[in-house]
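Worksheet for the structure shown next.
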Amino acid sequence: MSDDGTPAPGLRERKKRRMYETVSDTAIRLFLEKGFDAVSVAEVAAAAEISKPTLFRYFPAKEDLVLYRIADHEDEAARVVAAAQGSPVEALRRDFLDAIERGDPITGLNDHPQVLAFHSLVYGTPALVARMYGYLERSEAALAEALGGGLDARLAAGQIVAVRRILAEENWRRIKAGEPLAKVRRDAVAAAERAFGRLGAGLPELAAGRDSVESR
């Protein structure tokens with residue numbers, strides 16, 4: 001069993017996960033060294049010591065080699081809401097603020113050189129930006145399902161995902177520009193409080209609970 005009480009993955013699953021991580025890490029290293037467009041999939045496969053067809057079995061698109069690193073966050077908001085005992089907006093606010101406190105790279109609040117380089121690669125590569133919207137759409141769909149489904153839930157999910165994305169991009173932009181991490185973190189906490197406060201005001205049924213959304 002894992003620390004959170006879920007069954008530990010079997011050997012096959014662990015080997016598969018290691019393959020994903022190894023190939024993704026190899027690809028990101030090459031992309032950072034030479035540029036995303038300058039490195040072919042065949043070159044990544046050779047560096048990872050696997051065949052090109054094998055690589056495509058794990059990563060359907062070249063962009064997925066990079067975005068695998070954030071794939072675990074795709075349904076994060078949905079998981080937070082599913083586990084929430086009360087207000088979904090409040091649960092998401094606490095989750096984002098906790099991530100800021102940890103310096104989780106997904107919040108943009110991390111000044112480690114490798115994290116900054118990774119974010120610059122993603123945000124500076126049009127193909128990756130375009131592919132990332134597919135991840136955001138799936139995140140919205142998962143969150144909408146956790147909120148009960150239907151049009152109102154989808155509209156709410158779109159707003160929530162957008163808030164999380166914009167807050168993270170602003171944090172990354174300021175740190176990349178050279179602002180001190182401590183100052184950006186203070187402002188990021190205040191910005192997150194404002195943003196989630198406005199979400200709560202604009203989505204009162206989610207500030208109180210999910211019942212009214214789920215009943216529609």
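The values are calculated or read from the model by the stated rules, or taken from the named source; none is laboratory data. Not measured: the values here are computed from a predicted model. Neighbour counts run over all protein chains shown; Cβ positions are idealised from the backbone, glycine included. Ligands, DNA and RNA are stripped out before the accessible areas are found, and what is left, the full protein with its side chains, is counted by its heavy atoms. Shrake-Rupley method; radii C 1.70, N 1.55, O 1.52, S 1.80 Å.
Report, in deg cm²/dmol and to the nearest 500, the calculated mean residue ellipticity at 222 nm for the chain, where each DSSP H run with n ≥ 4 adds -39500 (n - 2.57) and the sum is divided by the residue count.
Working: 12 runs with 155 residues, N = 216.
Helices in the chain give a 222 nm mean residue ellipticity of -22500 deg cm²/dmol.
Report the label-to-label distance for ARG138 and TYR123 in nanometres (one decimal), using points 7 Å from each Cα along the Cα→Cβ vector.
Using points 7 Å along Cα→Cβ, the separation is 2.3 nm.
Taking all protein chains in place and a 1.4 Å probe, what share, in percent, of the accessible surface of segment 96-216 do carbon and sulfur account for?
For segment 96-216, the apolar C and S fraction of the accessible surface comes to 54 percent.
At 25 °C and 0.890 mPa s, grab the translational diffusion coefficient of segment 20-141 from Stokes-Einstein with a Kirkwood Rh over Cα pairs, rounded to a whole number in µm² per second.
It diffuses with D of about 156 µm²/s by this estimate.
How are the Cα pair distances of segment 97-216 distributed, in percent, across 10 Å bins from 0?
So the P(r) values, bin by bin, are 13, 38, 33, 15, 2.
Between GLU21 and LEU181, what is 0.36 nm times their sequence separation minus the Cα-Cα distance? Round to one decimal in nm.
On the way: separation 160, 0.36 × 160 = 57.60 nm, distance 2.84 nm.
That works out to 54.8 nm of additional length.
Counting only pairs 8 or more residues apart or on different chains, how many lysine pairs in the chain have their Cα atoms under 20 Å apart?
Qualifying lysine pairs in the chain: 6.
Can you compute the charge dipole magnitude of segment 1-126 about its Cα centre, using +1 on each Lys and Arg Cβ and -1 on each Asp and Glu Cβ, nothing else charged? Give it in debye, rounded to the nearest 20.
That gives segment 1-126 a dipole magnitude of about 540 debye.
Just reorder PHE56, PHE96 by solvent-accessible area, largest first, 1.4 Å probe, all chains present.
PHE56, PHE96
Using alpha carbon coordinates only, what is the Rg to Rh ratio of the chain, with Rh defined as the Kirkwood radius?
Details: Rg = 18.8 Å, Rh = 18.8 Å.
Value, to two decimals: 1.00.
From the mean inverse distance of alpha carbon pairs (Kirkwood) and the Cα radius of gyration, derive Rg over Rh for segment 9-50.
Ratio value, two decimals: 1.09.
Could you give me the radius of gyration and the Dmax of segment 65-115, taking only the C-alpha atoms into account and expressing both in angstrom?
Gyration radius and largest Cα-Cα distance of segment 65-115: 12.5, 38 Å.
Using a simple charge model, +1 on the beta-carbon of Lys and Arg, -1 on the beta-carbon of Asp and Glu, nothing else, what dipole does segment 69-199 show about its Cα centre, in debye to the nearest 20?
360 debye
If I ignore ligands, DNA and RNA and count only protein heavy atoms, how much of LYS183 is accessible to a 1.4 Å probe, in Å² to the nearest 10?
Accessible area of LYS183: about 90 Å².
Determine the per residue accessible area of the chain with all protein chains present and a 1.4 angstrom probe, expressed in square angstrom. If you can, show how the numbers build up before the last one.
On the way: 11700 Å² over 216 residues.
I get 54 Å² per residue for the chain.
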